[in-house]
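Reviewing the structure listed below.
Readers should treat all values here as calculations from the given coordinates under stated rules, not as data from a laboratory. All of these numbers come straight from a predicted model, not from anything done at the bench. As a convention, Cβ positions derive from the backbone with ideal geometry for all residues, glycine included, and neighbour counts pool all protein chains shown.
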2 protein chains.
Amino acid sequence: MDNTTSTQILLASRPAGWPSEENFEVRTVELPAMADGQVRVRNEFISVDPYMRGRMNDTRSYVAPYQIGERIAGGAVGRVVASAAQQLPVGTLVTHQHGWSDTVQAAAETFTPVPEIPGVPSSLRLHMMGMTGLTAWVGLTVVAGMKEGDTVFISGAAGAVGTAAGQIARLLGAKRVIGSAGSPEKVELLTQKYGYDAAFNYKDGDVAGQLAAMAPEGIDVFFDNVGGEHLEAALGAFNDGGRAALCGAISSYNTTQAPVGPRNMANLITRGLKLQGFTLSNYLQHAPEFGQRMGQWFTEGKIAYDETIVDGIENTVEAFIAMMQGANTGKMLVRI
Amino acid sequence: MDNTTSTQILLASRPAGWPSEENFEVRTVELPAMADGQVRVRNEFISVDPYMRGRMNDTRSYVAPYQIGERIAGGAVGRVVASAAQQLPVGTLVTHQHGWSDTVQAAAETFTPVPEIPGVPSSLRLHMMGMTGLTAWVGLTVVAGMKEGDTVFISGAAGAVGTAAGQIARLLGAKRVIGSAGSPEKVELLTQKYGYDAAFNYKDGDVAGQLAAMAPEGIDVFFDNVGGEHLEAALGAFNDGGRAALCGAISSYNTTQAPVGPRNMANLITRGLKLQGFTLSNYLQHAPEFGQRMGQWFTEGKIAYDETIVDGIENTVEAFIAMMQGANTGKMLVRI
């Protein structure tokens with residue numbers, strides 16, 4: 001394995017609508033000599049996530065847009081292969097945000113060493129045991145204030161955040177967990193593997209009607225990864241005092257048309273509802289509690305997961321687009 | 001004055017769209033002999049409020065719909081003219097929820113005695129010193145979590161709740177208070193009398209553009225009485241971490257068309273926004289603190305107010321419709 005070069009994927013132009021290979025450039029560079037305090041990390045897995053689509057636009061958002069010619073930053077997990085920093089010796093498993101490249105060399109402070117737990121593959125640091133799981137935890141427990149006995153609806157439930165959120169809701173004592181997904185196979189997986197009480201295929205249409213049929217007593221908490229029609233359906237199904245954690249709106253990320261807003265916003269008043277959008281960066285202080293709880297659940301064998309893996313850094317853009325189209329079940333990852 | 005009869009206004013049929021006189025019936029009844037524990041109250045003022053429109057529909061809401069043939073319930077202030085209850089002697093000033101009638105006779109427990117404060121007319125118990133003021137207080141401080149230094153936008157700012165909310169925001173140390181209203185005269189009143197830093201006429205159109213021009217540094221808190229285009233404008237103007245207290249949606253109350261939802265809901269996620277609908281019934285525990293603060297401000301001469309008064313119980317429906325059309329400045333009241 002040649003660790004003296006780094007193959008990286010850069011943003012070449014801003015996508016309008018769906019991204020394509022032409023919006024990206026694959027470049028291989030020689031890595032410079034190691035400077036004092038640096039480490040070189042060979043990635044094992046890199047993450048492709050919906051939020052990255054937002055950063056490809058040049059619009060105001062919670063994180064700065066990617067710049068043209070810049071490497072796509074994001075989560076990755078790898079192992080130190082060369083070290084000029086005492087605190088991160090060769091062989092250390094680390095996570096970082098350097099993103100789409102096979103090998104990365106940078107200051108040791110930009111990497112976080114993670115303990116190696118028997119039975120926990122390193123890839124899980126990019127989903128169930130990482131930011132994805134923490135997003136699900138924060139959205140349910142902090143943002144939506146989920147309580148034991150709540151009926152919980154999760155949109156995009158077969159995705160990385162959704163599979164985490166459903167299981168967490170179940171483990172925290174939800175009365176009923178309902179999910180939506182985009183294929184019959186995913187719908188079956190939700191009830192068979194992920195502990196959902198009911199699930200439906202939103203591509204069958206009439207999201208509001210399907211949700212109402214599966215939540216005859218209404219819903220208390222909505223964890224939204226999709227937006228659009230799903231949000232309107234949830235507003236119609238909410239019980240008094242319902243709370244929504246708005247995590248994603250993947251239905252609108254690749255459209256160039258103005259989305260249609262929910263027509264039943266007045267329900268917020270009559271039913272005393274709360275809608276709160278969130279991004280993980282403001283909630284990182286909850287990571288220790290999450291790590292403790294999720295680690296415990298893992299050890300007890302209570303957490304299922306799926307990974308959809310694409311091999312090779314050169315196939316990262318393909319994996320990213322496939323993920324946006326819903327080709328993944330569970331977490332979409334690129335294996336280096 | 002004849003206090004042995006009661007003239008009352010009943011719901012005769014459910015309005016579709018704008019209500020008209022035909023939807024109501026005026027009826028005069030002989031009052032029965034006083035039973036033990038009852039009082040008879042001659043109203044001084046009765047209240048007409050936007051939320052009453054919602055109760056005229058037969059749809060799920062936070063309070064039960066009015067029934068056909070039932071007196072329109074709502075806030076009123078009056079004086080005990082006959083008493084068979086020791087705790088409420090003749091002459092006591094009381095507020096109650098018996099609504100649209102000139103004289104009412106009922107169990108003493110359904111009336112609340114209120115202290116008479118020199119310089120505070122009894123009508124203020126129906127707005128600045130009553131439920132209206134408390135609604136403004138709760139929406140700003142509890143629901144939206146307004147803090148000193150926030151820029152606050154209030155829609156329908158020249159109405160009863162709006163004139164209270166603007167002054168409370170100012171007194172609590174808002175950096176900037178911006179209001180919308182429906183006529184040039186109201187807009188001028190907001191800046192001249194109610195301490196608004198800027199105000200605009202939403203009937204001039206382009207609510208988002210007008211708001212953006214008046215809030216060049218964005219808004220932190222939105223107190224919404226109007227809904228629709230105002231909500232979309234606020235979502236576009238919010239700074240990160242913005243909070244909206246959704247109190248009313250008068251723009252949609254009398255339309256039979258499905259309202260258009262805000263097309264920029266994704267801002268909730270990217271800016272970490274919170275939208276919370278509320279109705280006062282869940283926040284009555286804040287009444288003592290509000291009463292103390294508002295009483296103090298009144299005593300210090302810091303609270304301005306307007307009343308639009310219509311005389312005569314028989315003109316109540318006219319007053320109600322005029323209020324829905326924005327004919328009032330400040331609180332619309334019917335004087336008995």
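All told, B:Val81 falls short of being buried (at least 21 other Cβ atoms within 10 Å of the Cβ) and farther than 30 Å from B:Ala165 by Cα.
Scanning the range B:208-245 for residues that are under 17 Å from B:Asp150 (Cβ atoms) and β-branched (Val, Ile, Thr) yields B:Ile219, B:Val221. Only residues that are of a type in the set (Asp, Glu) and within 17 Å of B:Thr299 (Cβ to Cβ) were counted across the range B:105-159, and they come to 1. Are there any pairs, at least 6 apart or on different chains, whose C-beta atoms fall under 9 Å, with the first in the range A:41-70 and away from chain B (no Cβ under 14 Å) and the second part of a strand (DSSP E or B) and among the hydroxyl-bearing types (Ser, Thr, Tyr), and if so, which? Every condition considered, the pairs that remain are A:Val41/A:Thr103; A:Arg42/A:Thr103; A:Asn43/A:Ser101; A:Asn43/A:Thr103; A:Ile46/A:Ser101. Summed over the range A:120-179, residues that are farther than 25 Å from A:Phe45 by Cβ and not aliphatic (A, V, I, L, M) total 14. Looking across the range B:304-332, the residues that are of a type in the set (Gly, Ala, Ser) and assigned to a loop (DSSP other than H, G, I, E, B) come down to B:Ala304, B:Gly312, B:Gly326, B:Ala327.
For the condition within 11 Å of another protein chain (Cβ to nearest Cβ) and β-branched (Val, Ile, Thr), B:Thr316 does not qualify.
The single condition among (1) surrounded by fewer than 18 Cβ atoms within 10 Å (Cβ to Cβ); (2) more than 8 Å from chain B (Cβ to nearest Cβ); (3) not charged (D, E, K, R) that A:Gln210 does not satisfy is (1). Close contacts from the range A:139-168, counting a first residue that is hydroxyl-bearing (Ser, Thr, Tyr) and a second that is in a helix (DSSP H, G or I), with Cβ to Cβ under 7 Å and a gap of 6+ residues or different chains, come to A:Ser155/A:His230. If you go through the range B:111-128 and keep only what is within 14 Å of B:Leu93 (Cα to Cα) and either touching a strand residue (DSSP E or B) at 6+ places or on another chain (Cβ under 6 Å) or in contact (Cβ under 8 Å) with a residue 60 or more places away in the chain (or both), you end up with B:Phe111, B:Thr112, B:Pro113, B:Val114, B:Glu116, B:Ile117, B:Val120, B:Ser122, B:Ser123, B:Leu124, B:Arg125, B:Leu126.
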